[in-house]
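The values are calculated or read from the model by the stated rules, or taken from the named source; none is laboratory data. In this text, all values refer to a predicted model and were calculated from it rather than measured experimentally. No Cβ is skipped: glycine too gets one built from the backbone with ideal geometry, and neighbour counts run over all protein chains shown.
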Amino acid sequence: MEQNVQEELWSVTIDGNEIKVKPGTTVLQAARMIGENVPPAMCYYSKLEGSGGKCRTCLVKVSQGSTKDPRPMPKLVASCRTTVMDGMVVQNTTSPEVKEARAGVVEFLLLNHPLDCPICDQAGECHLQDLGYEHGKQKTRYEFKRRTFERIDIGPYIQLHMTRCILCYRCVFTCDQITNERVHGILNRGDAAEISTYIEKAIDNDFSGNVIDVCPVGALTDKTFRFKSRVWFTKPVQASCNCGKCSGKVTLWYKGEEVIRVTARKDQWGEVESFICNTCRFERKKTSDWTIEGPTHVDNKSVISANHYELKYDQPVIPQKTSLHADHPSFKEDKKLLN
Amino acid sequence: MGVKILTEHIGTPGLETLAVYKSKGGYASVEKAIKTMQPDEVTEEVKKSGLRGRGGAGFPTGMKWSFIDKKSGKPRHLVCNADESEPGTFKDRYLMSKNPHILIEGMITASYALGANLSYIYVRGELMYVVNILQKAIDEAREAGYIGKNILGSGYDLELHVTCGAGAYICGEETALIESLEGKRGNPRIKPPFPAIAGVWGNPTVVNNVESIAAVPWIVNKGGDEYAKIGVGKSTGTKLISASGHINKPGVYEIELGITVEDFIYSEEYCGGIWKNRKLKAVVAGGSSVPVLPANLILNTVNGDKRLMTYESLADGGFASGTMLGSGGFIVFDETASIVHNLWNFERFYHHESCGQCSPCREGTGWMEKILHKFIEGHANMEDIDLLAEIGKKIEGNTICPLGDAAAWPVASAIKHFRHEFEWYVTHKEEASRPGAYYKGEKLVLA
């Protein structure tokens, strides 16, 4: 956007909620600002340039293009890559067409997915799992053999289980954008496409571990954490350290007294707040390596948040960002369960 | 005999050489445009001509040219889409290999109109021999001073390159073509921005089909108004039709838009009728991506009018009873053709060619192919017909590029018009799964 329109704010209405946003904001970002009826996003990642538009789960209906040109858009559009216009009216969950298309996309995403959640490390914090619960059907209509791949070790820390991949390209963008050398890409075409390193070359740089965090499913997993515990039995704790390479702001995942995993901190949309280095992620696994800041608040609605241990105790009181989800019905139900 | 604009001189020995091509009046449009016309005047002539993109979508070429961003001051590019890979379409290959200079001439004139100093011809990977023919033609044109610095002393510079894909259908989609041209994976880009704003190397770009560009010299020489006199209504000029299938004379024909479909199929000048004295069962009128129509609907519209070979007439009735002119891949089926088997073949193609970028197309095309395979193997049941239609509906319109639509339309139309055949495949499993099986039942409509 040009400098002279910086001050101008455009109004956009999503499912009846109006908000004023800067020109250049996408529909999805605007929906996230409203905080209600946010379209799900499997491939879009606000920290990664060029991401989005691929998974089609965030499709919305634009029933009025703008105040100037009120014509509706002919097709459903990907909200993550469509920028708002002044006076735009968007329908997300209020449009049956969107709901149907989204259910279709979820069905497509699950077609070749192994649904091996019971043995998948990502279960409990998997975006596809959440999406399936919310929009999917109980039974698949797919009766053919699902595509499968051999597991591949990418370096000493990361394992690629391509069978679970939904080809969101997030890891490809991560490798491209936060590290110097590009060693990771997409091979083949169509439903035979796979993410891979060239000639299975190890992703070998200080920030490679971030591909694990950006992966929405269990395709890229932390080899130091694999099969150690279900995530909902772990206790996440905010911690920091003075790291020369990264911000040092991480989440530690405890099982008992033991730190079994270190990840970057994630915001309420499941996105990393700041990328962390491999030393923090894989090598600092003692409590003494870290300054503990307090329990992590988990916003998302999947099983992991059932363990709202932070609510059980009055102490210690940790100042926290107010969450837009605090009044969410499911949140209250969780509370009931715990009492 | 209709007017021939593109194929008039094909058959002249040595037409692929500059000398022979020039003796037939070649490169006159370059001289005329560069010496006597302003770039915008050339664009204006093309607008007047009513020329529509011949690659399939039928978007007015002149209008496309006028969208190119001239204000930003960035270099502009013209890209010729010679990645002809639509099943049933083989006109560009024919034109380029027989008359390469007409494309080079069109490229120079069109580049001048757009103010492009660096233009590309992107040829499909399988057509290596065409790349060689075009390269030879470019070298000759460069020697004659039509390409390079200061063309014909006008101060206008043009570099023209032939590049070659690696053989992917998806690279015929203009943004995927641009990605591939830049040396990247041929994934379609998310639009906007459109190529007219940010195309090759992020610069304003126009992507045109071979046939559209090859029509430019004639338009510049004779005038846009003259071109607009040929054809009917908004379908002006001539069109190359690749006729294939069960006809007596398959091949590439240049037709004046506006002849009747019946004429095209049955007259001796064109297809010469259905082979072996059989009857017409169905036609795919514009390459595999367009809806298939049964005999009665392809010859006449629902209103009983004769269907013409024009963009409008073929689309008459929308997707309920019409189809599209598309790229002009005219595939004719006789009474022994199996719609279901053919559809499986098409879907197998789309499954293979899907780039895998967005989920509905990546997963849906494969799913449809597998279900169709069930039909021809004799394992399908009635629910599969509706499931197939529903998958198509879920893909259509929800993908980044039109490949999803292209895979969904043939399925939707085949089920709409030939549902009884799908049912026959379910009820006559044993007979239907034999090699060469085709529907012979009561509901067969032939012409």
key: Count - residues of segment B:108-126 that are in a helix (DSSP H, G or I) and β-branched (Val, Ile, Thr)   = 2
Residues being of a type outside the set (S, T, N, Q) and farther than 16 Å from B:Ser244 by Cα - total across segment B:310-342 = 13
Verdict on B:Ser413 being in contact with a helix residue (DSSP H, G or I) (Cβ under 8 Å, 6 or more places away or on another chain), farther than 25 Å from B:Ile190 by Cα and surrounded by fewer than 24 Cβ atoms within 10 Å (Cβ to Cβ) = no
query = What do you reckon, is B:Thr175 assigned to a strand (DSSP E or B) and of a type in the set (Ser, Thr, Tyr)?
reply = no
request  = Examine segment B:423-430 for a residue that is within 12 Å of chain A (Cβ to nearest Cβ), surrounded by 24 or more Cβ atoms within 10 Å (Cβ to Cβ) and part of a helix (DSSP H, G or I), and state whether such a residue exists.
outcome  = no
message = Take the conditions closer than 15 Å to B:Met63 by Cβ and crowded, with 23+ Cβ neighbours inside 10 Å and apply them to B:Val220. Does it pass?
response = no
remark   = Screening B:Gly326, B:Gly272 for residues that are without any contact (Cβ under 8 Å) to a residue 60 or more places away in the chain and either surrounded by fewer than 18 Cβ atoms within 10 Å (Cβ to Cβ) or in a loop (DSSP other than H, G, I, E, B) (or both) leaves only B:Gly272
query = Are any residues in segment B:362-401 under 26 Å from the mean Cα position of the chain (by Cα), surrounded by fewer than 18 Cβ atoms within 10 Å (Cβ to Cβ) and part of a loop (DSSP other than H, G, I, E, B), and if so, which ones?
reply = B:Gly397
request  = Identify, from the list B:Gly273, B:Gly317, the residue that is away from chain A (no Cβ under 14 Å), at pLDDT below 95 and at positive phi.
outcome  = B:Gly317
query = List the pairs whose first member sits in segment B:395-408 and is more than 8 Å from chain A (Cβ to nearest Cβ), whose second member is of a type in the set (S, T, N, Q) and part of a loop (DSSP other than H, G, I, E, B), and whose Cβ atoms are under 6 Å apart, counting only residues at least 6 apart or on separate chains?
reply = B:Ala406/B:Ser289
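Conditions (1) farther than 15 Å from A:Arg281 by Cα; (2) buried (at least 16 other Cβ atoms within 10 Å of the Cβ), marked per residue:
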{"position": "A:Gly209", "(1), (2)": "no, yes"}
{"position": "A:Pro216", "(1), (2)": "yes, yes"}
{"position": "A:Ala219", "(1), (2)": "yes, yes"}
{"position": "A:Asp222", "(1), (2)": "no, yes"}
{"position": "A:Thr234", "(1), (2)": "yes, yes"}
{"position": "A:Ala239", "(1), (2)": "no, yes"}
{"position": "A:Asn242", "(1), (2)": "no, no"}
message = Against the condition within 13 Å of chain B (Cβ to nearest Cβ), without any contact (Cβ under 8 Å) to a residue 40 or more places away in the chain and buried (at least 17 other Cβ atoms within 10 Å of the Cβ), how does A:Leu110 come out, does it pass?
response = yes
Residue satisfying all of: in segment A:193-231; part of a helix (DSSP H, G or I) and at pLDDT 85 or above; farthest from the other protein chains (Cβ to nearest Cβ) among these = A:Val231
note = Within segment A:173-192, residues among the polar types (S, T, N, Q) and either part of a loop (DSSP other than H, G, I, E, B) or within 14 Å of another protein chain (Cβ to nearest Cβ) (or both) come out as A:Thr179, A:Asn180, A:Asn188
remark   = Within segment B:239-269, the count of residues that are among the basic types (Lys, Arg) and either touching an Asp or Glu at 6+ places or on another chain (Cβ under 6 Å) or crowded, with 18+ Cβ neighbours inside 10 Å (or both) comes to 1
message = If I filter segment A:70-80 down to residues being within 12 Å of chain B (Cβ to nearest Cβ) and more than 12 Å from A:Ala30 (Cα to Cα), which single residue comes out as surrounded by the fewest Cβ atoms within 10 Å (Cβ to Cβ)?
response = A:Pro74
So B:Leu343, is it under 16 Å from B:Ser289 (Cα atoms), out of contact with any Lys or Arg (no Cβ under 9 Å at 6 or more places or on another chain) and of a type in the set (A, V, I, L, M) = yes
Restricting segment B:329-361 to residues that are in a loop (DSSP other than H, G, I, E, B) and either away from chain A (no Cβ under 11 Å) or not hydrophobic (A, V, I, L, M, F, W, C) (or both), the residue that is surrounded by the fewest Cβ atoms within 10 Å (Cβ to Cβ) = B:Thr336
ask   = In segment B:40-67, what count of residues is obtained for those that are in a helix (DSSP H, G or I) and out of contact with any Phe, Trp or Tyr (no Cβ under 6 Å at 6 or more places or on another chain)?
value = 14
ask   = Going through segment B:335-361 one residue at a time, which ones are more than 23 Å from the chain's Cα centre (by Cα) and without any contact (Cβ under 8 Å) to a residue 60 or more places away in the chain?
value = B:Cys358, B:Ser359, B:Pro360
query = Within segment B:11-57, can you find the residues that are surrounded by fewer than 19 Cβ atoms within 10 Å (Cβ to Cβ) and of a type in the set (Asp, Glu)?
reply = B:Glu31, B:Asp40, B:Glu41, B:Glu44
query = Is at least one residue of segment A:155-172 within 14 Å of another protein chain (Cβ to nearest Cβ), under 19 Å from A:Gln122 (Cβ atoms), out of contact with any Asp or Glu (no Cβ under 6 Å at 6 or more places or on another chain) and of a type in the set (Phe, Trp, Tyr)?
reply = yes
request  = Please verify whether segment A:126-143 includes one or more residues that are part of a loop (DSSP other than H, G, I, E, B), in contact with a Ser or Thr (Cβ under 8 Å, 6 or more places away or on another chain) and surrounded by 15 or more Cβ atoms within 10 Å (Cβ to Cβ).
outcome  = yes
